[in-house]
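S.K.: I have a structure I would like to understand better, so I am pasting it below and will then ask my questions one at a time.
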Amino acid sequence: MRLLILGAPGAGKGTQATRIAKRLGIPAISTGDIFRKNISEETELGLQVKSILAAGDFVPDDVTIAIVRDRLAEEDAQDGFLLDGFPRTPGQVEALDEMVSDSGGALDAVVELTVDTDEVVQRLLKRAEDQGR
């Protein structure tokens, strides 16, 4: 099963992605988690992301796509995955279409979470306080 989960920051994508992925026996793959892992492991891409973020810039599509492509190539994602936080731009959509079609498949579903704006703001403020984000 190949899934995407979409929604605003704080909508609960990570929470729901973890639950859904566990139930389906597939990995929940978050671009934020991938970035943090690569940064902490000081991989080549991680150091590049760290530098970009330190400058206050957005991670460009080519770097984001490379990190996601590497992650989807890992063994645990061969039978399916649930992507959280990717794709976010038209270029990333095209790259994902290519990645999925190259592996002989297609996306099975897209889940969109909607949450009241005031609730999202409260969740993000709590996250910032709890996690230092």
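S.K.: What do you get when you divide the Cα radius of gyration of region 23-90 by 2.2 N^0.38 Å, with N the number of residues?
M.R.: 1.13
S.K.: Please compute the length gained on full extension between Leu24 and Glu119, using 0.36 nm multiplied by the number of residues separating them and subtracting their Cα-Cα distance.
M.R.: 31.4 nm
S.K.: Calculated FRET efficiency, Ser101 and Asp33, Cβ-Cβ r, R0 30 Å, to nearest 0.05?
M.R.: 0.75
S.K.: Run the quick spin-label model on Arg127 and Glu44: label points 7 Å from Cα toward the beta carbon, then report their separation in nm to one decimal.
M.R.: Once both label points are built, they end up 3.1 nm from each other.
S.K.: Take Ser51, project a point 7 Å from its Cα along the Cβ direction, then tell me which residues of region 17-42 have their backbone nitrogen under 11 Å from it.
M.R.: none
S.K.: Take the alpha-carbon positions of the chain, form their convex hull, and give its projected area averaged over all directions (one quarter of the hull surface) in nm².
M.R.: With every direction weighted equally, the projected area is 8.5 nm².
S.K.: Can you show me the helix-derived [θ] at 222 nm for the chain, built from DSSP H runs with n ≥ 4 at -39,500 (n - 2.57) apiece and divided by the number of residues, rounded to the nearest 500.
M.R.: Value at 222 nm, helices only, nearest 500: -17000 deg cm²/dmol.
Any read-out appearing in this document is the output of simple, stated calculations on the displayed coordinates, not a laboratory observation. Treat the numbers as computed from the prediction; the structure is a model and nothing was measured. A quick note on method: Cβ atoms are made from the backbone with ideal geometry, for glycine too, and the neighbour counts reach across all protein chains shown.
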